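One structure is given below, encoded as structure tokens.
The values are calculated or read from the model by the stated rules, or taken from the named source; none is laboratory data. Everything numeric here is computed off the predicted structure, so don't read it as measured data. Backbone-built Cβ (ideal geometry, glycine too); neighbour counts: all protein chains shown. With ligands, DNA and RNA removed, areas are computed over all heavy atoms of the protein, side chains included. Shrake-Rupley method; radii C 1.70, N 1.55, O 1.52, S 1.80 Å.
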Amino acid sequence: MPRLSGGRISSALGPALTALACLGCSEPDWATALGMLNPAADDRSVAVTGPTQVTVNAPFVVTVQTFGSSNCTRSDRLELSVAGNLARLAPYDQVAPDKATCFRNLAPFSHSRTVQFGVAGPSSLRVVGYFGQFSEAVLDSVDVAIEVEP
């Protein structure tokens, strides 16, 4: 019978538990999906980190947070397109296949990109993603104001 020894499970059971923890999480089956920005369907706030004021043509870093299962989600990329005074940010995550055994928790995943505006004046970071959890999620966007100085 397995027993705890010094805070660890005996070596006979350790590899079996390690394999079970990632059951169904083989990398080739993972898919890329637009990220969950806020698990609350009725809350359109997003976790965006970056300056509120920048200088025209000066690069700055923006970080967008997504949420997902800690063992079945991982950060993938943050797509960026800039047109005039609008920067569109779309964070993507890799997600395990439906058959995977996933924790029912919500962990944060960071996505960062360097952004640069070529036009001075009031501008926006438009963050696109899902609000709400899983089958009830709604695709939407939120604009975050940023001032671009000459």
Next item on the list: Consider residue 77 carefully, then state whether it is outside any loop (DSSP other than H, G, I, E, B), open to solvent by 50 Å² or more (accessible area, probe 1.4 Å) and either farther than 22 Å from residue 148 by Cβ or aromatic (Phe, Trp, Tyr) (or both).
Entry: yes
Margin query: Out of everything in segment 80-104 that is surrounded by 15 or more Cβ atoms within 10 Å (Cβ to Cβ) and among the charged types (D, E, K, R), what residue ends up being nearest to residue 123 (Cα to Cα)?
Written below: 88
Notebook entry, point to check: Restricting attention to segment 57-74, and to residues there that are in a strand (DSSP E or B) and without any contact (Cβ under 8 Å) to a residue 60 or more places away in the chain, which single residue is surrounded by the fewest Cβ atoms within 10 Å (Cβ to Cβ)?
Noted result: 61
Checklist line | Considering residues of segment 32-67 that are hydroxyl-bearing (Ser, Thr, Tyr) and modelled with pLDDT of 95 or more only, the residue farthest from residue 119 (Cα to Cα) | finding: 32
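Conditions tested, residue by residue: (1) assigned to a strand (DSSP E or B); (2) out of contact with any strand residue (DSSP E or B) (no Cβ under 9 Å at 6 or more places or on another chain).
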{"site": "101", "(1), (2)": "no, yes"}
{"site": "119", "(1), (2)": "no, no"}
{"site": "139", "(1), (2)": "yes, no"}
{"site": "144", "(1), (2)": "yes, no"}
{"site": "147", "(1), (2)": "yes, no"}
